[in-house]
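The values are calculated or read from the model by the stated rules, or taken from the named source; none is laboratory data. Model, not experiment: these values are computed from the prediction. Cβ: placed from backbone, ideal geometry, glycine included. Neighbour counts: every protein chain shown.
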Amino acid sequence: MANLRSPICVVVGHVDHGKTSILDQIRKTNVISTEAGGITQAISFTNISLSTIKKICKGLLDNINIKFTIPGLLFLDTPGHAAFNNLRKRGGNLADIAILVIDINESIKEQTIESINILKQYKTPFIIAANKIDLIQGYQKKDDLLIKNISLQPERVKESLDKKLYELVGNLSDHGFNSERFDRVEDYTKSIAIVPMSAKTGMGIPELLMVLSGLAQKYLEKKLIIDKNAPGKATVLEVKEEKAGTVIYSILYDGTMKQNEQIVIGGIDKPMITKIRSIDMPDEKNKFKQVKEVVAAVGVKIIAPDVKGVIAGMPLRTVNNNLEDVKILVQKEVEEVLIHTDKQGVVVKADTLGSLEALTNLLKSSNIKVKKASIGNISKKDLSDASAEEDELNKVILGFNVKKPETQEVKIITNDVIYRLIEDYENWRKSANDSLEKKELENVSRPCKLEILRGCIFRQSNPAVVGVRVINGLLKNDAALMKLNDEKVSEVKSMQLEGKNVEKAEKGKEVAISLPKVVVGRHIKEGDILISDINEVDFVKLKKLKKYLNKEEIELLKELAEIKRRKNSMWGV
């Protein structure tokens, strides 16, 4: 029998922008004051029934002409990156809708950008809670309803609020989103709704719930159909050690889960099989109470034996006389993330399955090849796999939220913000690529042009030693020289500047060079102009590396190509 479950709403945003405080207002608790440093330390579920939503909305739902059939909303508030990355299910992300919390006075910050990137990746619809309007100078609460309260503010306050809102609209536009204040939105499928609000005073909470519930009911109804008699499907969000033992915090998103049922949990190498000892479900005050069974969608705390080593983000299924089938299905879902087919690429490590999936997807969308991706801290095997890469730019391990070992074998880049990790890698890659190309440039002939100085014939032959002035480019030892008519001359065996041996001479320098197999007067003479005789292989390399050459060297390459193409029109092409 088909039923509608509660939409799963994840609350995301930058640290200290008010994610937990918003939920505190909804459930009238004060979780934030109990958290270390005012930052959420553990995943928390909040189940809000439709009747409670209607009570909070104070009649606003009656004005939007929607017949509500959703049973309520299931909110998740989690620390940092885990807010979204561990919300997994086969074929995508578990969250149906999201609230992106942004401090209206600070606008978009680092973790806001990360949240936006992940919302984009999973194509999750969201609304924006523009929090902390109470901190706008002169703002006062004059009415319980947001729009009326805004209209009653002094003009300078309204102007200040509008300015901050349109700055936010502009910043969101830079990230590819059209947005507008919720009451000005004409088409919710084309614009992101922004609800100005204050978690501290509760202003805007009714409007936030109204918009969220309305969008969920109108656009997500088909997605919310479940069979409550079907076996339970869940995702592990967090694993914690508590007095009762190892506890699995999980989201049941389909079917039913019962006490004493057998469950299968995905693992890196093989699935874990255990039995539910007890299920705890939170009420609207976020107090957990033991229950016999739960129906999706709900956040639960599961206690079961032998679950040490369970990893966040893993799929969890109840078994209904089909253990072997469930084991196969669960591991297939895990392997979709863990198995990568790129023959060459970087090694990727992450703390959870969801984080690993989000990171590898973003890397691949940036055209960065991944050779191996796995969960856990960086191991000796990872170091070995990375060092075995032929491409120096792939001898890298990218670690998200994992420990960094002390080693110089390969480059290791770690960060606890996904998009920062990718940025760090791309910056390193550019720098490392520049270093490799500059090193390669040292091993190829450089273009140069020189003049044999009059009165500076120090030895006529065996080898000839003459004074030259470098007109353009860079003269190096072993450089092959020719005349402008493509007549080969010799190679520079050695050179001296003011009586000292040198390896190279730049534009404007006057040096003495020795030229084997050359007789002055027969092969060369005073005043001759010589140019470097670069072979075709080095010429092609120099074309690729021309960003490291100056304008005069590039002009010399063009001149050289013109000389060579008199005999071979395809030379150096």
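Points worth noting:
- When the stretch 27-76 is limited to residues that are of a type in the set (S, T, N, Q), in contact with a helix residue (DSSP H, G or I) (Cβ under 8 Å, 6 or more places away or on another chain) and not in a loop (DSSP other than H, G, I, E, B), the one that is modelled with the highest pLDDT turns out to be T46.
- Residues that are under 20 Å from S431 (Cβ atoms) and either within 11 Å of the chain's Cα centre (by Cα) or without any contact (Cβ under 8 Å) to a residue 40 or more places away in the chain (or both), drawn from the stretch 356-401: L363, S366, N367, K369, S387, K395
- The lone exception for L168 - which of (1) crowded, with 19+ Cβ neighbours inside 10 Å; (2) touching a helix residue (DSSP H, G or I) at 6+ places or on another chain (Cβ under 6 Å); (3) over 22 Å from S6 (Cβ atoms) it fails: (2)
- Any pair with Cβ under 6 angstrom, 6 or more apart, that starts in the stretch 326-337 at a residue that is polar (S, T, N, Q) and ends at one that is surrounded by 17 or more Cβ atoms within 10 Å (Cβ to Cβ) and outside any helix (DSSP H, G or I): Q331/P271
- Selection count, the stretch 402-426, where residues are assigned to a loop (DSSP other than H, G, I, E, B), out of contact with any helix residue (DSSP H, G or I) (no Cβ under 9 Å at 6 or more places or on another chain) and touching a residue at least 60 places away in the same chain (Cβ under 8 Å): 1
- Neighbours by Cβ (under 8 Å, 6+ apart or cross-chain): first from the stretch 11-29, on the phi > 0 side of the Ramachandran plot; second charged (D, E, K, R) and in a strand (DSSP E or B): D16/D103; G18/D103
- Residue match in the stretch 561-572 (condition: under 21 Å from L441 (Cβ atoms) and assigned to a helix (DSSP H, G or I)): yes
- Options R429, R446, R469: the member that is surrounded by 15 or more Cβ atoms within 10 Å (Cβ to Cβ), in a helix (DSSP H, G or I) and among the basic types (K, R): R429
- Residue in the stretch 200-214 that is over 20 Å from I102 (Cβ atoms) and either touching a residue at least 12 places away in the same chain (Cβ under 8 Å) or part of a strand (DSSP E or B) (or both) present: yes
Condition check ((1) within 27 Å of the chain's Cα centre (by Cα); (2) small (G, A, S)) across all residues:
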residue: K163; (1), (2): no, no
residue: E167; (1), (2): yes, no
residue: F182; (1), (2): no, no
residue: A193; (1), (2): yes, yes
residue: G214; (1), (2): no, yes
residue: E221; (1), (2): no, no
residue: K228; (1), (2): no, no
